[in-house]
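Worksheet: the structure to be examined is printed underneath.
The values are calculated or read from the model by the stated rules, or taken from the named source; none is laboratory data. Note that the structure is a prediction, hence the values are computed from the model and not measured. Note: ideal-geometry Cβ built from the backbone for every residue, glycine included; neighbour counts use all protein chains shown.
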Amino acid sequence: MSLSMKLTLSRRHFAAASAAAALSLLLSACDLSDAADGNRVRIGVSGADPEWDVVAEEAKKEGIDVKIVTFDDYQLPNRALADGDIELNAFQHLAFLSQFNARNGTDIVPVTSTSVAPMGLYSLKHKKVDELPDGARVAIPNDPSNQGRALLVLEQAKLIEVKDKAGIYATPEDIEANPRHLKITPIDAQQTPRTLKDTDASIINDGVAVLAGHKPSEAIFRDDPKSATARPYVNVIAARAKDKDSETVRKIVKIYRSPKVQEAVAKSADGAKYVLDIPAAELQRELDRLQKQGRG
């Protein structure tokens, strides 16, 4: 990664942290009793998926005022949820949630699934995996769950081999074979598309790629979102455990699963995500399995 890129990323993180701090103060200053009585639900998201506008419109018919709060740092929506600054969030997969709970002692749980997005290897310089040169520079996400998945993608593309015991939370230190001598650089997941001009390739979640203006078909390699190995990467709507069975949360889940919202979800997915409807109990079992694996 070039020095100018590192400086750009550092400035962006500082700006994002400052904005997040201001947002947190603003939310904390609000009267949370409105949310407690079910008249208002604040949902934290990452990106600007249009289906959330439809959710807000449909919720209004039920007498619920939905406010969509957008975050540009993957760590912030869970912190805001745990602190009570929002009531729900929808930005993460189960593997990410498992890691966050384990590291922060939080009890955030899935209430319904949304979709699973493939993860792909993208390049502006090479059209095939075989074209990657010896010593190729490759950027991958740096958060534990996405980093582990990215290494598995590189392994599936036959570029590296990862130790079996590493599981889904592998790190670059778990690489046991790297015949192409890839130079792997972990960075913030949201920044992976920006590295394409300065690297040979970058591992990017398809949802992030689309937001950056790339088509999933541009990837020179992708994992299979329908496989059993993709289950940890199912995205969910999450709540605090104590709120998961509340009437308001049940209403929001029902609204999200309604035909009108699902039509908007399918439209915005546009081939970059596979829409799933998995019961909360099944999602919780997978989350429990991941958390047990993490402790092991």
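So the values come out like this:
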{"read-out": "Matching residues in the stretch 192-211 - criterion: being of a type in the set (S, T, N, Q) and either part of a loop (DSSP other than H, G, I, E, B) or out of contact with any Ser or Thr (no Cβ under 9 Å at 6 or more places or on another chain) (or both)", "value": "199"}
{"read-out": "Check on residue 220, out of contact with any Leu (no Cβ under 6 Å at 6 or more places or on another chain) and surrounded by 13 or more Cβ atoms within 10 Å (Cβ to Cβ)", "value": "no"}
{"read-out": "Residue 214 vs. criteria part of a loop (DSSP other than H, G, I, E, B), outside the structural domain of residue 61 (by TED's automatic domain parsing), surrounded by 14 or more Cβ atoms within 10 Å (Cβ to Cβ) and not hydroxyl-bearing (Ser, Thr, Tyr)", "value": "yes"}
{"read-out": "Hits in the stretch 239-248 (condition: aliphatic (A, V, I, L, M) and either outside any strand (DSSP E or B) or out of contact with any Leu (no Cβ under 6 Å at 6 or more places or on another chain) (or both))", "value": "241"}
{"read-out": "Residue in the stretch 27-44 that is modelled with pLDDT of 85 or more and surrounded by fewer than 21 Cβ atoms within 10 Å (Cβ to Cβ) present", "value": "yes"}
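Table: residues versus (1) more than 18 Å from the chain's Cα centre (by Cα); (2) surrounded by 20 or more Cβ atoms within 10 Å (Cβ to Cβ); (3) more than 21 Å from residue 131 (Cβ to Cβ); (4) at pLDDT 95 or above.
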position: 148; (1), (2), (3), (4): no, yes, yes, no
position: 170; (1), (2), (3), (4): no, yes, yes, no
position: 173; (1), (2), (3), (4): yes, no, yes, yes
position: 176; (1), (2), (3), (4): yes, no, yes, yes
position: 181; (1), (2), (3), (4): yes, no, no, yes
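Here's the yes/no breakdown for (1) closer than 24 Å to residue 83 by Cα; (2) in contact with a helix residue (DSSP H, G or I) (Cβ under 7 Å, 6 or more places away or on another chain):
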position	(1), (2)
211	no, no
240	yes, yes
246	yes, no
249	yes, yes
293	no, yes
